[in-house]
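Student: Below is one structure. I have some questions about it.
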Amino acid sequence: VQLQASGGGLVQAGDSLRLSCAASGPTFSTYAMGWFRQAPGKERVFVATISWSDSNTYYAKSVKDRFTISRDNAKNTVYLQMNSLKPEDTAVYYCAARTIATTSVSRYDYKYWGQGTQVTVSS
């Protein structure tokens, strides 16, 4: 499985961005997917996750009610809609795939990772 993240950029506080993660491989629809982020000098942390069926989602407290994770299995793509962005959201954002259907907040449960896309929010 290969993951390609895109959609990052430089925005102002309060703006929105939508990240996309395109996956290769015939079994994408059976994988739970997640988004993580890593700020300079900090560990990679959980942002959001979605089950294979799209029925279960879970968010980090810091992004809940501002970010929305979704997926389109027909397009092998997962999205992260980010609204009301704050400077503290600045980080490299990574998409990741588990090889099972259920969600997880632990980065160690994800086998495949994309290359990351930079999101910078200015104040």
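The values are calculated or read from the model by the stated rules, or taken from the named source; none is laboratory data. Just so we're clear, the structure is a prediction, and the values are computed from it rather than from any experiment. Note that each Cβ is placed from the backbone with ideal geometry, even for glycine, and that neighbours are counted across all protein chains shown. Remember, those area values only see protein heavy atoms, side chains included, never the ligands or the DNA or RNA. Shrake-Rupley method; radii C 1.70, N 1.55, O 1.52, S 1.80 Å.
Student: Given the protein chains as shown and a 1.4 Å probe, how many square angstrom of Leu10 are accessible, to the nearest 10?
Tutor: Approximately 130 Å² of Leu10 is accessible to the 1.4 Å probe.
Student: Along the Cα-to-Cβ line of Gln118, 7 Å from the Cα, sits a label point; which residues in the stretch 5-40 have backbone N less than 20 Å from it?
Tutor: Correct set: 5-21, 36-40.
Student: Give me the percent of the accessible area of the chain that comes from carbon and sulfur atoms, probe 1.4 Å, all protein chains in place. All intermediate terms of the calculation are to be shown ahead of the outcome.
Tutor: Details: 3010 of 6250 Å².
The value for the chain is 48 percent carbon and sulfur by accessible area.
Student: Using a 1.4 angstrom probe with every protein chain in place, what is the largest-first accessible-area order of Phe46, Phe67?
Tutor: Of Phe46, Phe67, the descending order of accessible area is Phe46, Phe67.
Student: What residues of the stretch 46-64 lie in the reach of a label at Thr102, counting those whose backbone N is under 20 Å from a point 7 Å from the Cα along Cα→Cβ?
Tutor: 46-60
Student: Looking only at Ser20, Ser62, Ser84, which one moves most when the chain is put into a Gaussian network model with springs between Cα atoms under 10 Å?
Tutor: Looking only at Ser20, Ser62, Ser84, the biggest GNM fluctuation is shown by Ser62.
Student: Next question, about the same structure. At a 1.4 Å probe radius, which order do Tyr79, Tyr108 fall into by accessible area, largest first?
Tutor: Largest accessible area first, the list is Tyr108, Tyr79.
Student: How large is the convex hull of the C-alpha atoms of the stretch 1-108 per residue, in Å³?
Tutor: Details: hull volume 10.1 nm³, N = 108.
So the per-residue Cα hull volume is 94 Å³.
Student: Once you keep just the Cα pairs under 8 angstrom separated by 6 or more residues, what percentage relative contact order results for the chain?
Tutor: Values: 322 pairs, mean separation 45.5, N = 123.
Relative contact order, the chain: 37 percent.
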